[in-house]
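See below for the structure under consideration.
Read-outs throughout are calculated quantities, based only on the coordinates presented, and are distinct from any laboratory measurement. Owing to the predicted nature of the structure, the values given are computational and were not obtained by experimental measurement. Because the Cβ atoms are built from the backbone with ideal geometry, glycine has one as well, and the counts that use them run over all protein chains shown.
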Amino acid sequence: MSQVAEDGSLPVRLLPLVVRLPLFLLRLTALLALVMVGLLCIACIFPLVSRAARCAISSAWAGVLLRICGIRLVIRGAPPMQGAGLWVANHVSWLDIFVLNRVRQTVFVAKQELRRWPVLGWLIVGAGTVFVDRSQRHAVKLASDAMQARFARGEVIGLFPEGTTSPGKTVLPFYASLLEPALAARVPVQAVALLYTHHGRRSALAAYTGNDNLLANLWRVLGTSGLAVEAVFLETVTTEGADMTRHSLSHLLHDRLSKVVHSKV
């Protein structure tokens, strides 16, 4: 069975329904069980162990989640495994945060609304996410202060400056305001291109965009085979001693990401 992708590209090869439905139910059951394990870890284990242990648990948990979803992760480039930094990535799917977390435990910047998501919201809070409440007048300033505190602790922060998701074959314009904390803290900044494929071809099958809902997205992701994501870590931008503004940094990162995302289509 095949189906034209949502972005109008080549048809995607889907499993027959008689195979998809049992596969979906099996993976969904395992995914829900993993979420419960994650919540128990946050409530009962995280308060008792060191930050290094929490990081290791989070990274391993993200790896299990990707395996349950049937997604193969390929890492290119040289992601730093220690020290503070900012990872700037294109945003395609809810899976993106687990992809980066599998590489290294990552603190993310997210909109306040995610805090109220049932079940998943608890996981997001427990992961130490920095929230931006856009209804507050000084929301960006508060988020910036929180980011700098994380940099001071040697943590890496993940940022999706497009502000929304896309099918993954282009890079949308960036919002540059949350790049300022990295410049103020003088931490290295690295662009990360996230490239999703289905049976070896670039695909929007996993993309969570537009009017898509989580259940429909889960049906596509959990009910198929051959999904993979390539995380391409590009050359690090050194901000220490650099004469750079958030806008010039934004343009540089956007250009680097665009070249990779477009060249791989």
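Arrange the following residues from fewest to most other Cβ atoms within 10 Å of their Cβ: 196, 175, 208.
Listing 196, 175, 208 from fewest to most nearby Cβ atoms yields 175, 208, 196.
In the chain, what percentage of the DSSP-assigned beta bridges are antiparallel, given to the nearest 5?
40
Can you give the charge dipole size of the chain about its Cα centre, rounded to the nearest 20 debye, using +1 on the beta carbon of Lys and Arg and -1 on the beta carbon of Asp and Glu?
So the dipole magnitude of the chain works out to roughly 500 debye.
At what distance in nm do the modelled label points of residue 18 and residue 247 sit from each other, each positioned 7 Å from its Cα along Cα→Cβ?
6.2
Would you calculate, for the chain, the mean residue ellipticity at 222 nm contributed by helices, counting each DSSP H stretch of 4 or more residues as -39,500 (n - 2.57) and dividing by all residues, to the nearest 500?
It lands at -12500 deg cm²/dmol.
Got a sec? Which residues in the stretch 134-166 would a label at residue 240 touch, if it sits 7 Å along Cα→Cβ and we count backbone N under 11 Å?
No residue passes the distance filter.
Going by how many other Cβ atoms sit within 10 Å of their own, how do 94, 87 line up, fewest first?
94, 87
Restricted to Cα positions, what overall size does the stretch 140-265 have along the principal axes? Three whole-Å values, descending.
Taking the Cα atoms of the stretch 140-265, the three principal extents are 47, 30, 24 Å.
In whole angstrom, note down how far apart the Cα centers of the stretch 134-156 and the stretch 66-92 are.
22
Would you mind ranking 31, 222 by Cβ crowding within 10 Å, fewest neighbours first?
Ascending number of Cβ neighbours within 10 Å: 31, 222.
What is the pair-distance distribution P(r) of the stretch 96-156, computed from all Cα-Cα distances in 10 Å bins starting at 0, with each bin given as a whole percent?
Calculated over all Cα pairs of the stretch 96-156, the distribution is 22, 50, 27, 1 percent.
Farthest toward the dipole's positive end in the chain, which of 81, 171, 43, given Cβ charges of +1 (Lys, Arg) and -1 (Asp, Glu) about the Cα centre?
43
Using only the alpha-carbon atoms of the chain as identical scatterers, what base-10 log of I(q)/I(0) does the Debye formula give at q = 0.10, 0.12 Å⁻¹?
Result of the Debye calculation: -0.50, -0.73.
Quick one: grab the alpha carbon gyration tensor of the stretch 16-113, order the square roots of its eigenvalues as a ≥ b ≥ c, and give me rounded if a/c is under 1.5, else prolate or oblate depending on whether a/b is larger than b/c.
In terms of gyration-tensor shape, oblate.
From a point 7 Å beyond the Cα of residue 34 in the direction of its Cβ, which residues of the stretch 213-236 have a backbone N at a distance under 19 Å?
Under 19 Å, as judged by backbone N against the label point of residue 34, lie 214-231 of the stretch 213-236.
Can you compute log10 of I(q)/I(0) for the stretch 78-183 with the Debye formula, treating each Cα as one identical point scatterer, at q = 0.11, 0.12, 0.19 Å⁻¹?
Debye curve over Cα of the stretch 78-183, log10 I(q)/I(0) at q = 0.11, 0.12, 0.19 Å⁻¹: -0.32, -0.39, -1.04.
Taking a point 7 angstrom from the Cα of residue 199 along the C-beta vector, which residues in the stretch 14-28 have backbone N less than 13 Å away?
It comes to 14-16, nothing else.
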